[in-house]
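Scroll down for the structure; my scribbles are underneath it.
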Amino acid sequence: MADTIKVFAICGSLRKGSYNRMALKVAAENLPSGMVLDQYDRLGEIPPYNEDIRQQGFPAVIEDLRRRIKAADGLLFVTPEYNYSMSGVLKNAIDWASRPPDQPFAGKPVAMMGASMSLFGTCRAQYHLRQTCVYLDMIPLNKPEVMIPQAQNKFDAQGHLTDAASLKFIQELMVALAAWIRRLKASAR
């Protein structure tokens, strides 16, 4: 059997009842064989980025974030869309984690998805996130793209995904991420 694949997942929403958090839960419940998911739950603890603070050393919450990114075989970002871009708290976490020395994102395979009440399902947020990933030398998975539009109609009151097409896309994304990670690991040998 292949080695276990460790994926570190960050939901870019702080709201407990967010559709993106619900989508991440669906992903965690539909992992392919051999994959484990480490879900980040400290996003709300991260202070606004401040170079004066960083020069004195990374706060403990950032040390933890960087360690978990480095330990992962791949990453999964689940982002809402605010003002045509990713959430500020997600961008802030990426900004903190990417500071030198030894930024942990380089070479990491990454997948992304998002849910929104709009008709566009986070497409613009994901494109901005993809630009950030490329700049930080992550290796984004191109397809499938998971953009869940009108999420308010696709999750029930208990947070269960009721839309079969969205479920299929999430399942396909997790399988594709596992294959992407294995492919990149094999080519690095």
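The values are calculated or read from the model by the stated rules, or taken from the named source; none is laboratory data. Bear in mind the structure is a predicted one, so any value in this text is a computation, not a measurement. For neighbour counting, all protein chains shown are included, and Cβ atoms are generated from backbone atoms with ideal geometry for every residue, glycine included.
Before moving on, here are some points about what is shown:
- Test: residue in the stretch 42-56 that is out of contact with any Asp or Glu (no Cβ under 6 Å at 6 or more places or on another chain), surrounded by 17 or more Cβ atoms within 10 Å (Cβ to Cβ) and within 20 Å of ALA176 (Cβ to Cβ): no
- Scan of the stretch 37-89 for residues that are aromatic (Phe, Trp, Tyr) and part of a loop (DSSP other than H, G, I, E, B), ordered by number: TYR40, TYR49, PHE58, TYR84
- Out of ALA157, ALA165, ALA176, sole residue that is among the small types (Gly, Ala, Ser) and either within 17 Å of VAL7 (Cβ to Cβ) or in contact with a Phe, Trp or Tyr (Cβ under 6 Å, 6 or more places away or on another chain) (or both): ALA176
- Subset tally (residues that are buried (at least 18 other Cβ atoms within 10 Å of the Cβ) and without any contact (Cβ under 8 Å) to a residue 60 or more places away in the chain) for the stretch 57-81: 4
- When ILE94 is tested against (1) over 26 Å from MET35 (Cβ atoms); (2) free of Cβ contacts under 8 Å to residues at least 60 places away in the same chain, only condition (1) is not met.
- Number of residues in the stretch 1-15 that are farther than 17 Å from GLY114 by Cβ and surrounded by fewer than 14 Cβ atoms within 10 Å (Cβ to Cβ): the value is 4.
- Here ALA157 meets each of (1) small (Gly, Ala, Ser); (2) farther than 24 Å from SER118 by Cα; (3) not in a helix (DSSP H, G or I) with one exception, condition (2).
- In the stretch 16-36, the residues that are modelled with pLDDT of 95 or more and either more than 22 Å from VAL146 (Cα to Cα) or not in a helix (DSSP H, G or I) (or both): SER18, ASN30, LEU31, PRO32, SER33, GLY34, MET35, VAL36
- Scope the stretch 72-97; condition more than 15 Å from the chain's Cα centre (by Cα) and at negative phi; matching residues: TYR82, TRP96
- Conditions (1) crowded, with 18+ Cβ neighbours inside 10 Å; (2) farther than 13 Å from LEU76 by Cα: number failed by ASP156: (1)
- Within the set ILE10, ILE46, the sole residue that is in contact with a helix residue (DSSP H, G or I) (Cβ under 7 Å, 6 or more places away or on another chain), hydrophobic (A, V, I, L, M, F, W, C), closer than 19 Å to LYS108 by Cα and in contact (Cβ under 8 Å) with a residue 24 or more places away in the chain turns out to be ILE10.
- Taking the criterion of being surrounded by 15 or more Cβ atoms within 10 Å (Cβ to Cβ) and over 17 Å from VAL78 (Cβ atoms), the residues of the stretch 116-149 that qualify are LEU136, ILE139.
- Of everything listed in (1) farther than 17 Å from SER166 by Cα; (2) touching a Leu at 6+ places or on another chain (Cβ under 7 Å); (3) surrounded by 19 or more Cβ atoms within 10 Å (Cβ to Cβ), the single unmet condition for MET112 is (1).
- Enumeration of residues in the stretch 97-149 that are out of contact with any strand residue (DSSP E or B) (no Cβ under 6 Å at 6 or more places or on another chain), among the charged types (D, E, K, R) and in a loop (DSSP other than H, G, I, E, B): ARG99, ASP102, ASP137, LYS143, GLU145
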